[in-house]
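Worksheet: the structure to be examined is printed underneath.
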Amino acid sequence: MKKIILSTISLALLMTFSAYGQGKLKSSKSHIKFYSHTVAEDIEANNYSSVSTIDTESGEVVFSVPMQGFEFEKSTMQKHFNQENFLDTKNHPKGKLVGRITNVDEIDFSKDGVYQANVEGKLSIKGESRSISEKGSITVKNGNIGVESKFNVTLADYGISFVKGKPSTNVAGEVEVTVIADYLAE
Amino acid sequence: MKKKKIIKLVLGVAIIGTLIGGGSAAYMFYRPHRDVQAAKTDYSLTNSEIVKEYLKDRQAADSKYLAADGDSKILEVTGTVNKISENYNDQKVILLKEDGDHAGVSATFTAETNHKVSYLEVGQMVTVKGVIRSGAAFDEDLGFYENVILEKSDLVAQK
């Protein structure tokens, strides 16, 4: 079974790693940020509570994101984000990425270096699943393993769109997502 | 005379209307986030109890504990400290989990409450107050049980 991980590159992370580096790695230390830019307003939200795994042999990657964990500077914006007509987080409390690093054979998790990871899989938001194909980078240093990626998400693909009102002018149709995560051997 | 009075009235209403409109817009714009620690606790229970509740019926638990606008229920959870760590926002995170339970309750502290965690040791029993972000469940893709997640936490007197 192979799962996929995603997206383009952004930051680097490092983690400590007790075992040789094979098998399933788990991350409880991550930072997922999304950024929306429009002429009217720039919006940013941060989430530090996601959980993730990488299987260094199969290349399988999973991210589980608690949607209510996204913090916005403005309280009103955070409330709108959670509401039924936007992310409907009460009914869809988790965002998910399930994928596979297709070039996992090119990555040596036991050798220091920065490796490009090509990820294919499914991103699920608000009950909608979409195939994604993105790039990320995996940094191995002193037994630490870190992942970073940056990619875009088109909100309409997940049933999130605005025709009128403030959200239509203040929220971008495409949102930039940045992921960084540190992994430990299970 | 009448005309003047009418004009004054209309002007007065217009001014009041603008103040109210501007005031509510400003309120919306600058409204502060809910102060979790100052707010009333919705439920007091143990880590084992809430995990059990979630594993029994996830939808019912989400319905009970999560709010549509994200200002979900404020919980006071008692349990044994299983792990102490730190997240990418320099916030302390403690896991309250009992041996034998499938999952625990993970509580993230804040810049203001972080220092309370430095007095804690694994094995200690504590009560944490925070807002729930998501519940416990077995995740097939991850291959393990996810913990209940609390944020904006602080230690409170044990219940």
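The values are calculated or read from the model by the stated rules, or taken from the named source; none is laboratory data. Everything numeric here is computed off the predicted structure, so don't read it as measured data. All Cβ positions, glycine included, derive from the backbone under ideal geometry; neighbour counts span all protein chains shown.
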Condition first: facing chain B (nearest Cβ under 9 Å) and not aliphatic (A, V, I, L, M). Can you find one or more residues in region A:96-113 that meet it? yes
Under 17 Å from the mean Cα position of the chain (by Cα), within 30 Å of residue B:107 (Cα to Cα), facing chain B (nearest Cβ under 9 Å) and assigned to a strand (DSSP E or B), is that true of residue A:124? no
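Each row is one residue, and each column tells you yes or no for (1) buried (at least 22 other Cβ atoms within 10 Å of the Cβ); (2) closer than 19 Å to residue B:139 by Cα; (3) among the aliphatic types (A, V, I, L, M).
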residue: A:109; (1), (2), (3): yes, no, no
residue: A:117; (1), (2), (3): yes, no, yes
residue: A:149; (1), (2), (3): yes, no, no
residue: A:166; (1), (2), (3): no, no, no
In region A:51-60, is there at least one residue being crowded, with 17+ Cβ neighbours inside 10 Å and within 7 Å of chain B (Cβ to nearest Cβ)? yes
Determine, yes or no, whether residue B:119 is assigned by TED's automatic domain parsing to the domain that holds residue B:145, at pLDDT 95 or above, part of a loop (DSSP other than H, G, I, E, B) and of a type in the set (Ser, Thr, Tyr). no
Output yes when any residue across region A:62-74 is within 8 Å of another protein chain (Cβ to nearest Cβ) and farther than 21 Å from residue B:147 by Cα, and no when none is. yes
Residue under question is residue B:105, and the condition is that it be within 13 Å of chain A (Cβ to nearest Cβ), closer than 19 Å to residue B:126 by Cα and crowded, with 19+ Cβ neighbours inside 10 Å; does it hold? yes
Does region A:130-138 include one or more residues that are within 13 Å of chain B (Cβ to nearest Cβ) and acidic (Asp, Glu)? no
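Does region A:133-152 include one or more residues that are among the aromatic types (Phe, Trp, Tyr) and outside any strand (DSSP E or B)?
No.
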Residues located in region A:109-130, provided they are touching a Leu at 6+ places or on another chain (Cβ under 8 Å) and more than 17 Å from residue A:54 (Cα to Cα): A:124, A:125, A:126, A:129, A:130
List the helices (runs of 4 or more DSSP H) inside region B:1-90, counting only whole elements, that have at least 3 residues being among the hydroxyl-bearing types (Ser, Thr, Tyr) and either without any contact (Cβ under 8 Å) to a residue 40 or more places away in the chain or farther than 14 Å from residue B:153 by Cβ (or both). B:2-30
Mind counting the residues in region A:10-40 that are of a type in the set (Phe, Trp, Tyr) and modelled with pLDDT of 85 or more? 2
Matching residues, region B:72-86, being crowded, with 21+ Cβ neighbours inside 10 Å and within 12 Å of another protein chain (Cβ to nearest Cβ): B:72
Whichever residue in region B:49-59 is closer than 14 Å to residue B:132 by Cβ and surrounded by fewer than 16 Cβ atoms within 10 Å (Cβ to Cβ) and, among such residues, is farthest from the other protein chains (Cβ to nearest Cβ): B:49
Within region B:4-14, is there a residue that is out of contact with any strand residue (DSSP E or B) (no Cβ under 9 Å at 6 or more places or on another chain) and within 11 Å of chain A (Cβ to nearest Cβ)? no
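Given the criteria at pLDDT 95 or above and more than 16 Å from the chain's Cα centre (by Cα), does residue A:107 qualify?
yes
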Please find, within region A:75-91, the residue that is surrounded by the most Cβ atoms within 10 Å (Cβ to Cβ) out of those that are touching a strand residue (DSSP E or B) at 6+ places or on another chain (Cβ under 8 Å) and at the interface with chain B (Cβ under 8 Å from one of its Cβ atoms). A:81
